[in-house]
Every structure is written in C-alpha cells, then in structure tokens.
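Notes follow the structure.
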C-alpha cells in the first residue's frame, strides 16, 4: 500500500523509482516503471522530469540540470544491484519550500542513498559537503553543478551563511549533525553539533529527523572495500518535524541551539532504536524461514 500523497505534492519520477525485489510494506515509496531509457528524453525537456512531472530544485526552480541526470543514469542501476530498500514516512518530505533533513551518518554511501530517496519523492536535495570534496577535479565540478553547499571547517561562519542562504531560497538541505561518520562500533549516534538546529531556527524551515540503517553493510564506516553481493535492505525512516516554536521565540543563540539539539538527538536515538528492533525481528524471521 502506498503512503498517502497530498494533492499538491508532485508525483515522483517513475524512472528513479525502479522496483526492487523486496516486498512492499506500509508507508513505503513504491516503483511503477523501470524504463531507464526515458532519461535521455527527459533530460532534453529541461524543466520537466519524466511524464512532465515538475521537480523542485534547491533554489525552488524546476530544472534538474545535467549534473543530476548524469548521477541518476550512472548510480541508479548500481543501487538496484547492491541493495534492497525500505523507505518509511516519505510523505513527511515537504512538496516545496525549505526544509532541513537531519540524518545519522553511518557510511560514505549515506548521501547517495538519502539523495535517491529525496529525488524519488519529487525534490532535489542540497547536501552540506566539506570543502575538500569541492577541490576534487571531477567530484568538485559535479558538486557545484548539482547545487550542493560547500562547508569550510576552518571558516565555519561562511559555510553556515551559505547554507542559510540556500534555505531562504527554498532548498531542501540534507545535514549530518554528527559532523562525520560515526566512530561507534555498533553504528550508534555520536554527539550532535548544533548547526542543523541553528539553521532550522534562523530560517524558519522545518527540522525533520532521518534515521537510516543498512548502508554500512554495503560499505562499512571508514572502509574502501564495498561488500557488493550481500544485497542488504537499506532502511530510511523519515520522522515528523520537530516542534521548535518555543525555541524560535527565544531567538538565535546558544540556549535555543543546545535545547533543540537535545531534542534532535532524542528523536534520532528513539528512531534508531526502533530500526534496530525492526531489523532484529526481520533477521530472526529470515533465520526461521531458512
């Protein structure tokens, strides 16, 4: 059963939502078409995606741009081969306007997998990325063309200002508030930085927690050797937006940022516990069937 979609929410581009072999579940984004050949035709349409469905870009426009088309054509077939997927709560992604998605960080694959989910639900994500990635010849060129936000950790204020500007122009911003891939051996949440909450408070954008699990089974944290043949289920859960009304009334400052970050940490920890329980039950069921 597909999650309810609001009347004003764009229909996801069918070519991105190619079905996988995992069975459908409640609140999951389902695929309807597997024809990747549409990509070339749709890229030529400029401001329209497949089937003439508009897709909102970071700046609030409806032009995908060449960078995202290239990424889709290259990455989507690989993702189909290396993972199953389980997306829940995707109806909580705003159809338009600014938002901050705050996700836990467990693998170098996280940005790709979260971007896939966001794209499949009618939005183009803008990622906060460290400046060293922008300095790479090929990767850096793609990051700029795709509209991502550069963060120079030696000049934190500049990165924060760029992210705030992106939100005020309508971006859907993906942030990893841990600041790096978790060093917890069990993939647990590390201490969060306050940037995601500060951005949400100062921009007025909703702050939406995102819990994920499974990417580390394809590419373990801090490893360069992917495990390509296990085909694990990558689960991404989108939580309800956090209520920051009282903190916005306090105005920008350390008190509001710290209190909001505690709320975000509590929400993510609870969601990750639920994910662990769900994965444990799924693993037990698989062992029983075998």
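Read-outs throughout are calculated quantities, based only on the coordinates presented, and are distinct from any laboratory measurement. All values reported here derive from a predicted model rather than from experimental measurement. For neighbour counting, all protein chains shown are included, and Cβ atoms are generated from backbone atoms with ideal geometry for every residue, glycine included.
Segment 77-137 and segment 163-215 have Cα centres spaced 12 Å apart. The alpha-carbon positions of segment 108-204 define a convex hull whose volume is 119 Å³ per residue. Between rounded, prolate and oblate, where does segment 164-290 land on the alpha carbon gyration tensor, with a ≥ b ≥ c its root eigenvalues, rounded for a/c under 1.5, else prolate if a/b exceeds b/c? Because a/c hits 1.5 or more and a/b exceeds b/c, segment 164-290 counts as prolate. As a proxy for reagent exposure, 229, 143 were ordered by neighbouring Cβ count within 10 angstrom, fewest first; the result is 229, 143. Counting other Cβ atoms within 10 Å as a rough exposure proxy, the listed residues 218, 208 run 218, 208 from fewest neighbours to most. Taking a ≥ b ≥ c as the square roots of the eigenvalues of the alpha carbon gyration tensor, segment 219-259 is oblate, as a/c is not under 1.5 and a/b does not beat b/c. Here the alpha carbons of segment 73-152 define both size measures, Rg and Dmax, at 13.5, 37 Å. Dimensions of segment 64-104 along the principal axes, based on C-alpha atoms and rounded to the nearest Å, stand at 28, 27, 19, largest first.
Maximal additional length on extending the residue 137-residue 112 stretch stands at 7.1 nm, based on 0.36 nm per residue less the C-alpha distance.
Sorting 279, 105, 148 by the number of Cβ atoms found within 10 Å of their own Cβ, with the fewest placed first, yields 279, 105, 148.
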